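See below for the structure under consideration.
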Amino acid sequence: MHCWFFTSQVFKSLPGKALVGNSRNFHCIKPLLQSTRHRPLVETITTLRQNLIKSLGRDSVSDTEAIRKQHSRDEGVERHNHLADLVVWPKSTEECSIIASLCSEKKVPMIPFGTGTGLESGVCAAYGGVSVDMSKMDQIVNFNPEDFDVTVQPGVTRKGLNHFLKDHGLWFPVDPGADASLCGMTATSASGTNAVRYGTMRENVLNVEVVLADGRVLHTAGENRRSKKSSAGLNLTNLFVGSEGSLGFITKATLKIYGIPEMMLSAVCAFTTIKAAVDTCVQILQSNIPIARIELMDDVAMDMCNNHNKLDYKVAPTLFLEFHGSEDSVKSQAKFAGEIADYNGGSEFRWAYESEERNRLWKARHDIYWTTLQSNPGCRAIITDVCVPITRLPDLITQTKADIQESGIIGPCLGHVGDGNFHTFLVFNPNKPEEFKKAETLAARMTKRALDLNGTCTGEHGIGIGKMNYLEKEMGPVGIEMMKSIKKTLDPHWLMNPGKIFLSEY
Ligand SMILES: Cc1cc2c(cc1C)N(C[C@H](O)[C@H](O)[C@H](O)COP(=O)(O)OP(=O)(O)OC[C@H]1O[C@@H](n3cnc4c(N)ncnc43)[C@H](O)[C@@H]1O)c1[nH]c(=O)[nH]c(=O)c1N2
Ligand SMILES: CC(=O)C(=O)O
Ligand SMILES: [Mn+2]
């Protein structure tokens with residue numbers, strides 16, 4: 001497979017330092033990180049490996065190349081080809097503490113690994129080090145159905161939790177499509193299609209257990225606390241939601257859960273313009289209809305979706321909607337929303353009542369990234385993820401679509417429109433540098449546009465490596481200084497997932 005690697009000369013071997021790991025040449029496109037950091041020495045990794053084997057057992061430590069490769073990239077575009085030096089699988093919080101203490105002692109980077117479904121290169125080993133795969137800590141450790149909360153270890157995935165909850169008439173609604181780990185979702189502040197009704201991870205995490213870089217264990221809301229609200233001091237829980245492995249290992253997350261609605265009803269409706277679709281969304285929200293999902297796909301996305309899934313939806317800007325509640329409430333919500341859509345020229349309304357039909361519809365929506373790649377064999381795509389105040393969305397989308405059309409690049413547009421969250425997948429052939437350059441320019445212009453429209457450079461995928469350039473613009477120097485000073489307090493030697501989020505060190 002041909003890959004593009006977007007990184008700096010500084011990641012290359014530095015004078016007098018031996019490189020552990022892969023020696024593939026990689027393509028340098030632009031500098032990313034101002035750093036004098038070195039990869040760990042071979043001797044350091046050898047000793048660390050022995051110590052880790054002593055503490056965790058031989059089966060929990062690997063240095064094989066295939067495993068290191070698998071743990072050094074996620075589902076997004078590859079930004080460099082550095083490999084972790086070792087991969088370890090802790091089985092408990094105590095083992096995580098041991099790993100952190102041993103790595104801290106040797107000043108070796110640590111990179112938490114959930115399920116690797118991230119899209120901004122968060123799990124890449126920018127400076128080598130130890131990839132810590134959390135999948136063996138896979139227990140639901142506390143379940144309080146009547147309090148509507150559950151505490152999970154990092155190996156529990158979204159689908160796994162929902163499978164467990166279903167028998168109790170409960171569910172966890174935050175839904176990024178991918179079957180991500182719930183602690184990875186906490187680490188990236190994930191959201192997805194249900195956020196308009198149920199909120200993002202930020203609104204749904206009550207407490208987090210974290211192993212800090214030096215091995216200490218922190219409970220962000222106090223040990224075993226799971227109250228729905230608290231005014232007790234600074235909000236440490238929210239500090240770790242979205243921290244992307246830069247502050248510690250999330251070893252438990254206590255989450256809000258919900259009753260499965262009596263009825264769920266989905267609908268698809270086509271519009272003549274993006275503006276009419278977004279206006280419909282705004283008016284539905286203004287009318288206080290408690291819509292559960294409201295997703296936009298443009299004509300390009302619908303065309304791919306039809307071809308790939310053997311569907312026959314109209315090729316036009318389209319809203320996918322879903323209503324949750326009692327039968328009466330769902331029917332009246334749907335009727336009201338239908339009238340609003342109608343008023344804005346919506347047509348081809350199609351309803352999905354049965355769960356099989358609904359699942360098919362949402363699978364087509366969730367798979368659109370894979371559909372885009374499969375519709376363009378051999379190609380990769382830059383995934384963009386910006387979020388703006390909802391009234392700014394038509395401007396953002398219209399300008400971005402015009403930009404894409406002018407460039408000749410294929411770029412389906414879609415969004416969690418109820419939150420003002422918008423994506424494009426900018427397709428490029430990895431063998432054609434000019435295509436990549438165009439896609440990258442489009443992505444940059446779109447992100448700048450979102451910032452100019454009072455939005456953010458990432459609504460839900462995080463900063464990772466891909467958005468480091470923009471965080472500074474978004475936050476300004478005081479904001480960045482504040483973030484770094486917090487990181488420095490918790491991770492003074494810059495060992496937790498280095499080379500992510502920040503363009504430069506302390
Ligand atoms: C097809 C498709 C579609 C989507 C998405 C992906 C894909 C492939 N995503 C992105 C992705 O699913 C999301 O970022 C997940 O939250 C990542 O969870 P993983 O467990 O895979 O984390 P992954 O292993 O990829 O790690 C992501 C980051 O979190 C850190 N991390 C992971 N586990 C940790 C732990 N226990 N402690 C500390 N740090 C940890 C890692 O170090 C890294 O920085 C998404 N997202 C979204 O929000 N909305 C969406 O709509 C979609 N849609
Ligand atoms: C990729 C992504 O975030 C989505 O399809 O919504
Ligand atoms: Mn999304």
All but one of (1) open to solvent by less than 10 Å² (accessible area, probe 1.4 Å); (2) closer than 30 Å to Asn376 by Cβ; (3) acidic (Asp, Glu) hold for Glu460; which doesn't?
-> (1)
The condition of being within 16 Å of ligand 1 (Cβ to nearest atom), at pLDDT 95 or above and crowded, with 17+ Cβ neighbours inside 10 Å holds, among Thr384, Thr400, only for Thr384
Count, please, the residues in region 405-449 that happen to be away from ligand 3 (no atom under 16 Å from the Cβ) and surrounded by 23 or more Cβ atoms within 10 Å (Cβ to Cβ).
-> 2
Can you confirm whether region 352-362 contains a residue that is under 22 Å from the mean Cα position of the chain (by Cα) and over 28 Å from Leu265 (Cβ atoms)?
-> no
Matching residues in region 426-472 (within 12 Å of ligand 1 (Cβ to nearest atom) and touching a Phe, Trp or Tyr at 6+ places or on another chain (Cβ under 6 Å)) number 0
Go through (1) under 20 Å from the mean Cα position of the chain (by Cα); (2) aromatic (Phe, Trp, Tyr); (3) surrounded by fewer than 22 Cβ atoms within 10 Å (Cβ to Cβ) and name the single condition Tyr506 misses.
-> (1)
Tell me which residues, restricted to region 167-186, are within 16 Å of ligand 2 (Cβ to nearest atom) and more than 19 Å from Met264 (Cβ to Cβ).
-> Ala178, Asp179, Ala180, Gly184, Met185
Residue list for region 244-265, filter: among the hydroxyl-bearing types (Ser, Thr, Tyr) and within 9 Å of ligand 1 (Cβ to nearest atom) | Ser246, Thr251
Subset of region 160-176 [under 15 Å from Tyr198 (Cα atoms) and out of contact with any Phe, Trp or Tyr (no Cβ under 7 Å at 6 or more places or on another chain)] = Phe172, Asp175, Pro176
Of the residues in region 186-205, those that are in contact (Cβ under 8 Å) with a residue 60 or more places away in the chain and either part of a loop (DSSP other than H, G, I, E, B) or farther than 27 Å from Gly420 by Cβ (or both) come to Ser189, Ala190, Ser191, Gly192, Thr193, Asn194, Thr200
Asp312: acidic (Asp, Glu) and at pLDDT below 95, yes or no?
-> yes
Please verify whether region 229-240 includes one or more residues that are among the small types (Gly, Ala, Ser), within 16 Å of ligand 3 (Cβ to nearest atom) and either under 21 Å from Leu495 (Cα atoms) or surrounded by fewer than 23 Cβ atoms within 10 Å (Cβ to Cβ) (or both).
-> no
Based on what the data block shows, is Asn376 free of Cβ contacts under 8 Å to residues at least 60 places away in the same chain, of a type outside the set (A, V, I, L, M) and open to solvent by less than 30 Å² (accessible area, probe 1.4 Å)?
-> yes
Find the residue count for region 145-174, including only residues that are within 25 Å of Asp419 (Cβ to Cβ) and open to solvent by 70 Å² or more (accessible area, probe 1.4 Å).
-> 2
Determine whether Gly184 is near ligand 1 (Cβ under 8 Å from one of its atoms) and crowded, with 22+ Cβ neighbours inside 10 Å.
-> yes
Could you list, in sequence order, all residues of region 344-356 that are in contact (Cβ under 8 Å) with a residue 40 or more places away in the chain and open to solvent by 20 Å² or more (accessible area, probe 1.4 Å)?
-> Asn344, Gly345, Ser347, Glu348, Phe349, Arg350, Trp351, Tyr353, Ser355
Of all strands (runs of 3 or more DSSP E) fully inside region 206-291, the set with 3 or more residues that are away from ligand 2 (no atom under 16 Å from the Cβ) and hydrophobic (A, V, I, L, M, F, W, C) is 248-256, 263-270
Which numbered condition trips up Leu212, out of (1) within 30 Å of Leu321 (Cβ to Cβ); (2) open to solvent by less than 20 Å² (accessible area, probe 1.4 Å)?
-> (1)
When both residues are 6+ apart or on different chains and their Cβ atoms are under 7 Å apart, which pairs have a first residue that lies in region 383-404 and is without any contact (Cβ under 8 Å) to a residue 60 or more places away in the chain, and a second that is among the hydrophobic types (A, V, I, L, M, F, W, C) and within 16 Å of ligand 3 (Cβ to nearest atom)?
-> Leu396/Val388; Leu396/Phe422; Leu396/Ala450; Thr400/Cys413; Thr400/Met446
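The values are calculated or read from the model by the stated rules, or taken from the named source; none is laboratory data. Because the structure is predicted, anything quoted here is derived from the model rather than measured. Every residue, glycine as well, gets a Cβ built from its backbone with ideal geometry; the counts of neighbours run over all protein chains shown. Accessible surface areas use protein heavy atoms only, side chains included; no ligands, DNA or RNA. Shrake-Rupley method; radii C 1.70, N 1.55, O 1.52, S 1.80 Å.
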